[in-house]
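The values are calculated or read from the model by the stated rules, or taken from the named source; none is laboratory data. As the structure is a computational prediction, the values presented were derived from the model and not from experiment. Counting neighbours? That spans all protein chains shown, and the Cβs are built from the backbone with ideal geometry, glycine included.
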Amino acid sequence: MSEPSRVELSNRKLSRRRLITTGIAAAAGVAGLGVAARLAQKYGLVPPDHGGIYGLGETLTYASQRLLTRHSLAREFSSSQISKPPFANEVEPPTDEFKRFQAGGFADWRLSVNGMVARPASFSIDQLKSFPSHTQITMLQCEEGWSYIAEWIGVPLTRVLDVVGVLPQARYVVYFSIEPDTWESIDMADALHPQTFLTYGMNGDELPVGHGGPLRLRLPRQVGYKSVKFLTHLTVTDSLKGFGKGLGSAAPEGGYAWYAGI
Amino acid sequence: MDVYVRATWYYSRVSDSAYIPSGASAVPAAVPTVVPNKTAAPRHSALVRVTHWITTLCFFALLVSGVEIVISHPRFYWGETGNDLTPTLFKLPIPASRNLVPTGYKYVLPDQNGWSRYLHFQAAWVVVFTGLLYLISGLFTRHFRKNLLPRGADLSWRELSSAIAKHLRFERPSDAEAWSYNLLQRLSYPFVIFVLFPLVIWTGLAMSPAFVSALPATVNVLGGQQSARTLHFFVSLALVLFLLVHVGMVCLAGFKSRMRAMITGRAATPAATTLERT
């Protein structure tokens, strides 16, 4: 072996300097990530299904879309763009309990609201209809790829939350279907959003059972599976840990993302 | 052997954009002293190599998960909406993973959309950050102008037709092309980087109901959400086509030498290329 040339010496020096700068950059990166994680937690930008191998992508999607879309409105369409007929996705065969409600014209159907609220209450469909009704012509798009546009008639969820008096520490609204194991949750940005509807009508008529009648939660800024059909119960909470496996909703328990704005 | 080692030394010290004249294979032993104090320049910079392979990994993740998502509804539409009750633009003749889709098949494939959607968006995030890193560093190092964009003098019909003719004859690239991209590479790579990748990100985001609530123009100018989905499919198809041709050309040019250049940074010297060919 001959003696190291000047070129090799300067290479060695360069690599040592590189090593130090890389080390500093890596330390800064780790510290930056730590600070970012703290801030994200503080501002509610971490989704409940942030663990696991897909947690990074899920957190980035939820955090970025939450920052970008806190107050933005889903696109609304003209009545001429309403899909005729609207496509009704497959639903589980109705339970005996559901059939009894259906036989009575859903007169006994109740939506109960409890949790972190000042005045827990329960509402019949008629009581919900007694609030000023709102309509939106929005798209329902399924994560599978298909979509349709319909006119949805209902009361904004925020109106009902006003009536029951949401406590200031509330962070999520968990909502349940009469179908077993069908429940979802949304953060307060979505719960208080003017287009988040308790929907009882569609295209100028009652909400058909095939589309979730008598009551469906409509959430036009997220894909269809967040718009739970046959709604019976809402709970306002500051933590999703006590619900199911603590992943936020039934979707992540079945392998699907909790946040579905994409 | 001594000459071969010295030749390697010489070639690894020539800058990555240098054009090696074809007559340079006989390197005099005295040449190394001519380029003092110059650190070894790899064929591809470390950043190009790392971002290339991360992108490759992400592309396969996006492709597999994208195919799975399409299988849940292998029908395509134009405009705002489309579903099993509306006419299609075209259908893929494959079975579906949902039993309501009228595919003509009597069986339904298992649902893979949960992990596919998680993986699709995660890989998209990683590839977007990787792409940004590549773009920013490429601007700083002038990588695009030096190595990637066509040289002005080459942009003539004569050069273009001769390059196309060489490719159509499946001619092995010259030794110089181990060190510098040819004209067709300098047209297709920027097209993929500056046209297809931005388009596939845009059409993907245009399908997101939350994203378009903040930026509705991103979907409106495409003609609707289903148009965005159909365009996303076609841009992805174009990227797959590029991948196939790209891998094909790598094999034609010498799989081992091109892979070594993209993994270790060391390019084949004319001497080494000759060795590999025999």
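Conditions tested, residue by residue: (1) surrounded by fewer than 19 Cβ atoms within 10 Å (Cβ to Cβ); (2) of a type in the set (Phe, Trp, Tyr); (3) out of contact with any helix residue (DSSP H, G or I) (no Cβ under 8 Å at 6 or more places or on another chain).
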residue: B:134; (1), (2), (3): no, yes, no
residue: B:138; (1), (2), (3): no, no, no
residue: B:157; (1), (2), (3): yes, yes, yes
residue: B:190; (1), (2), (3): yes, no, no
residue: B:195; (1), (2), (3): yes, no, yes
residue: B:204; (1), (2), (3): no, no, no
residue: B:208; (1), (2), (3): no, no, no
residue: B:213; (1), (2), (3): no, no, no
residue: B:219; (1), (2), (3): no, no, no
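Summed over the range A:50-69, the residues that are more than 9 Å from chain B (Cβ to nearest Cβ), of a type outside the set (A, V, I, L, M, F, W, C) and either within 18 Å of residue A:196 (Cβ to Cβ) or buried (at least 17 other Cβ atoms within 10 Å of the Cβ) (or both) give a count of 3.
Within the range A:149-195, can you find the residues that are acidic (Asp, Glu) and free of Cβ contacts under 8 Å to residues at least 24 places away in the same chain? Scanning the range A:149-195 gives a single hit, A:162. The condition (being touching a Ser or Thr at 6+ places or on another chain (Cβ under 6 Å) and part of a loop (DSSP other than H, G, I, E, B)) is satisfied by just one residue among A:74, A:107: A:74. One residue alone among B:117, B:158, B:142 is among the charged types (D, E, K, R), without any contact (Cβ under 8 Å) to a residue 60 or more places away in the chain and closer than 27 Å to residue A:146 by Cβ, and that residue is B:117. For the range A:77-91, a residue qualifies if it is more than 25 Å from residue A:230 (Cα to Cα), in a loop (DSSP other than H, G, I, E, B) and free of Cβ contacts under 8 Å to residues at least 24 places away in the same chain, but none of them does. Of all residues in the range A:147-172, those satisfying the criterion of being among the aliphatic types (A, V, I, L, M) and in a helix (DSSP H, G or I) are A:157, A:160, A:161, A:163, A:164.
Among the residues of the range A:123-146, what is the count of those that are in a strand (DSSP E or B) and within 13 Å of residue A:221 (Cα to Cα)? Count: 6. Among the candidates A:240, A:247, the residue that is more than 14 Å from every other protein chain (Cβ to nearest Cβ), closer than 20 Å to residue A:60 by Cα, within 15 Å of the chain's Cα centre (by Cα) and assigned to a loop (DSSP other than H, G, I, E, B) is uniquely A:240. Quickly run through the range B:220-250 and pick out the residues that are within 14 Å of chain A (Cβ to nearest Cβ), touching a residue at least 12 places away in the same chain (Cβ under 8 Å) and part of a helix (DSSP H, G or I). Within the range B:220-250, B:225, B:226, B:227, B:228, B:229, B:230, B:231, B:232, B:233, B:236 meet the criteria. Applying the criterion of being under 22 Å from residue B:117 (Cα atoms) and out of contact with any strand residue (DSSP E or B) (no Cβ under 8 Å at 6 or more places or on another chain) to the residues of the range B:73-91, the residue that is surrounded by the most Cβ atoms within 10 Å (Cβ to Cβ) is B:73.
Here the range A:90-120 is the region considered, the condition is being modelled with pLDDT under 95 and acidic (Asp, Glu), and the residue that is surrounded by the most Cβ atoms within 10 Å (Cβ to Cβ) is A:92. I want to confirm something. Restricting to the range B:83-100 and keeping residues that are within 25 Å of residue A:253 (Cβ to Cβ) and among the hydrophobic types (A, V, I, L, M, F, W, C), which single residue is farthest from the chain's Cα centre (by Cα)? Top of the filtered list is B:100.
Against the test of being more than 14 Å from every other protein chain (Cβ to nearest Cβ), of a type in the set (A, V, I, L, M, F, W, C) and surrounded by fewer than 21 Cβ atoms within 10 Å (Cβ to Cβ), the options A:87, A:131, A:123, A:77 yield a single qualifying residue, A:131. Look at (1) free of Cβ contacts under 8 Å to residues at least 40 places away in the same chain; (2) assigned to a loop (DSSP other than H, G, I, E, B); (3) not hydrophobic (A, V, I, L, M, F, W, C) and you find that residue A:44 fails only one, number (1). Here residue A:203 meets each of (1) surrounded by 23 or more Cβ atoms within 10 Å (Cβ to Cβ); (2) out of contact with any Gly (no Cβ under 6 Å at 6 or more places or on another chain) with one exception, condition (1).
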